[in-house]
1. In the chain, which longest range has no trypsin sites (Lys or Arg not before Pro) that are both DSSP loop (not H, G, I, E or B) and surrounded by at most 11 other Cβ atoms within 10 Å?
2. For region 31-98, what is the convex hull volume of the alpha-carbon atoms per residue, in Å³?
3. Restricting attention to region 243-311, which GluC sites (Glu not before Pro) occupy a DSSP loop and are surrounded by at most 10 other Cβ atoms within 10 Å?
4. Using the alpha carbons of region 135-317, what is the convex hull volume per residue in cubic angstrom, as a whole number?
5. Scan around residue 324 for amide H atoms under 5 Å from its own, H built in the peptide plane at 1.01 Å from N, and keep only partners 5 or more places away or cross-chain.
6. Take every Cα pair under 8 Å in the chain that's 6+ residues apart, average their separations, divide by the length, and report that relative contact order as a whole percent.
7. Please give the FRET efficiency for residue 197 paired with residue 342, using the beta carbon to beta carbon distance and R0 = 41 Å, rounded to the nearest 0.05.
8. Sort region 14-133 into rounded, prolate or oblate with this rule: let a ≥ b ≥ c be the square roots of the eigenvalues of the Cα gyration tensor; rounded if a/c is under 1.5, and if a/c is not under 1.5, prolate when a/b is larger than b/c, oblate otherwise.
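The numbers here are math on the coordinates, done by the rules we state, and not lab data. In this text the structure is predicted, and so the values were computed from the model without any measurement. Neighbour counts are summed over all protein chains in view; Cβ atoms, including those assigned to glycine, are modelled from backbone coordinates with ideal geometry.
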Amino acid sequence: MSVAVDTGKHGLTVGRPGLKSAGPLAFGPNGILFVADNVQATVFAIDVDDTDAAVEAEPINVENLDTRLAVYLGCAREDVAIKDMAVHPWSQNVYLSVMRGSGDAAIPLIVKIGVDGTLAETPLEDVPFSRTTIMNAPNPDAGADDDPVRAARNRERNVAITDLAYVDGVLLVAGASNEEFVSNLRRIPFPFDGGVESSSLEIYHVSHSRYETHAPIRTFMPYGGNSSILASYTCTPVVHFSLSDIGSASQLKGRTVAELGSGNTPVDILSYKRDGQEFLLVSNTKHPLMKLACRDVDRQEGLTQPKQPRGVPREELPHQGVSHMANLNASYVLMMQQDEAANVHLRSYSSASL
């Protein structure tokens with residue numbers, strides 16, 4: 001299936017998006033790719049013009065992806081940073097947001113991996129696109145070495161946008177804000193024609209034994225027919241929010257349903273189905289890949305005391321070094337994995353096996 005993008009309908013105009021960084025990705029209607037740019041505190045909507053015919057239920061496996069990217073981009077492996085991954089809804093091609101180089105000289109790129117494993121850079125010149133700027137993002141010039149508070153605000157600009165998801169005409173954007181309650185979730189209607197709503201978030205952090213409003217969501221995933229989202233934070237509370245509440249209030253309190261352990265940062269959350277049930281996978285920097293049943297999330301009472309149990313039961317899966325994940329053909333879960341030698345591989349696993 002492929003449908004030509006109606007640029008007028010989606011408010012796109014042909015030009016140069018002008019990305020200064022490339023971070024979280026998400027696909028929206030008609031295969032439009034949303035790309036977060038934290039340097040500019042902006043989300044771009046780009047027509048990637050992907051009309052490839054999908055190959056049904058075929059896995060994608062690319063060994064030594066980081067080395068192959070470095071060769072393709074003409075740089076050292078150490079100069080390649082993969083920031084996120086998303087699968088095109090029709091073609092099943094895989095899209096990566098990549099930064100080549102480091103510091104102010106780093107170059108943002110969008111790289112496509114075909115179903116046969118071939119690499120191709122996605123053009124970012126003379127393409128249909130639109131953009132929306134996050135108006136309450138932390139000030140990039142607020143930091144100062146002699147002022148810890150201002151320096152912290154500067155670091156928050158790097159997490160102004162931590163994750164994206166498109167649900168029923170609305171782009172959900174998590175990240176940090178310049179408000180008193182730093183943690184923020186925005187609802188941005190698409191096409192980008194205004195009407196942005198945002199909610200400040202408060203959660204109970206079991207490891208820290210207190211309610212918190214400062215740390216932003218690190219990753220989140222809609223589930224349950226897009227009625228809810230499950231979000232994870234650093235150190236590592238897992239929190240439920242109802243989508244019906246998001247945007248209806250300026251301040252929201254999430255329901256903490258699990259605690260995955262301190263000293264850990266979540267990387268990605270994925271929802272998938274097996275045997276008619278919906279499950280969630282949470283990848284982490286320190287702990288193994290975690291599997292949670294959505295039905296357990298829905299019936300879990302909120303954790304509000306530091307000595308309570310860890311909440312929702314979870315299963316540790318044996319897949320090592322998992323960072324980014326994506327659904328592929330509704331039959332496979334695509335995982336980016338790093339081995340003990342720090343090589344990065346892209347591997348597909350049957351949903352029925354997880």
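1. Details: sites that count: 9, 307.
Of all site-free stretches, the longest is 10-306.
2. On the way: hull volume 7.3 nm³, N = 68.
Output value, Cα hull per residue: 107 Å³.
3. Details: sites: 259, 278, 301; in loops: 301.
Counting only loop positions with at most 10 other Cβ atoms within 10 Å, the GluC sites (Glu not before Pro) in region 243-311 are 301.
4. On the way: hull volume 21.5 nm³, N = 183.
Given the Cα convex hull of region 135-317, per-residue volume reads 117 Å³.
5. When sequence neighbours closer than 5 places are left aside, the close amide H contacts are 336.
6. Details: 910 pairs, mean separation 49.0, N = 354.
Relative contact order here is 14 percent.
7. Details: r = 42 Å, r/R0 = 1.02.
According to the calculation, E is roughly 0.45.
8. Working: a/c = 1.95, a/b = 1.06, b/c = 1.84.
It comes out oblate by the Cα gyration axes.
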